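A.B. asks: Okay, here's the structure, questions in a sec.
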Amino acid sequence: MDTNQQFRKRLGELFRSQNLAALSTHHAGQPYASLVAFYAADDLKHIYFVTPKTTRKFANLTADNRVAVMVNSSTNQASDLHQAISVTAVGKAKEVGGSDKDLILG
């Protein structure tokens, strides 16, 4: 297995083992972090999360769709300093609707 395949395998394992991620947005020059439940697509190209339209994170994403999402395997133990892994994905968020939404939530 080449290095890229090993990395993708480990990344997939991390995403499947965790239910929560830190979502970073911003508004008016101020950073904002939110804890979100997430799902990563099998191809690792998309990360999905649900939020009501009444939340600050939704307002921030509507104003500027640039995001960072951090997933980590820490368990709040001293051993995390040497054993936990963390990955940050950066990209652009968009609202999913219609048949795409049904397919993802299905």
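A.B. asks: Considering each of V90, V71, V36 in turn, give the residue that is open to solvent by 90 Å² or more (accessible area, probe 1.4 Å), among the hydrophobic types (A, V, I, L, M, F, W, C) and at pLDDT 95 or above.
C.D. replies: Working: V71 fails: open to solvent by 90 Å² or more (accessible area, probe 1.4 Å); V36 fails: open to solvent by 90 Å² or more (accessible area, probe 1.4 Å).
Sole residue among the options that is open to solvent by 90 Å² or more (accessible area, probe 1.4 Å), among the hydrophobic types (A, V, I, L, M, F, W, C) and at pLDDT 95 or above: V90.
A.B. asks: Here is a further query. Looking at the structure I just gave you, is A28 within 18 Å of V67 (Cα to Cα), free of Cβ contacts under 8 Å to residues at least 60 places away in the same chain and out of contact with any strand residue (DSSP E or B) (no Cβ under 8 Å at 6 or more places or on another chain)? Working first, answer last.
C.D. replies: Details: within 18 Å of V67 (Cα to Cα): yes; free of Cβ contacts under 8 Å to residues at least 60 places away in the same chain: yes; out of contact with any strand residue (DSSP E or B) (no Cβ under 8 Å at 6 or more places or on another chain): yes.
Here the answer is yes, as A28 does meet what is asked.
A.B. asks: Does F7 satisfy the criteria of being part of a helix (DSSP H, G or I), open to solvent by less than 70 Å² (accessible area, probe 1.4 Å) and free of Cβ contacts under 8 Å to residues at least 24 places away in the same chain?
C.D. replies: The answer is no for F7.
A.B. asks: Just to be sure I understand the filter: pairs with C-beta atoms under 6 Å, separated by 6 or more residues or on different chains, first member in the range 89-106 and over 21 Å from A21 (Cβ atoms), second member modelled with pLDDT of 95 or more and open to solvent by less than 100 Å² (accessible area, probe 1.4 Å). Which pairs pass?
C.D. replies: Close Cβ pairs (under 6 Å, with a partner that is modelled with pLDDT of 95 or more and open to solvent by less than 100 Å² (accessible area, probe 1.4 Å)) do not exist here.
A.B. asks: Working only within the range 46-59, note down all residues that are over 16 Å from the mean Cα position of the chain (by Cα) and open to solvent by less than 60 Å² (accessible area, probe 1.4 Å).
C.D. replies: As a first pass, look at the range 46-59 and keep what is over 16 Å from the mean Cα position of the chain (by Cα): 52-56, 59.
T55, A59, listed by residue number.
The values are calculated or read from the model by the stated rules, or taken from the named source; none is laboratory data. What you see is a predicted model, and the numbers here were worked out from it, not measured in a lab. Positions of Cβ are generated from backbone atoms using ideal geometry, with glycine treated the same way; all protein chains shown enter the neighbour counts. Please note that ligands, DNA and RNA were not included when accessible areas were found on the heavy atoms of the full protein model with its side chains. Shrake-Rupley method; radii C 1.70, N 1.55, O 1.52, S 1.80 Å.
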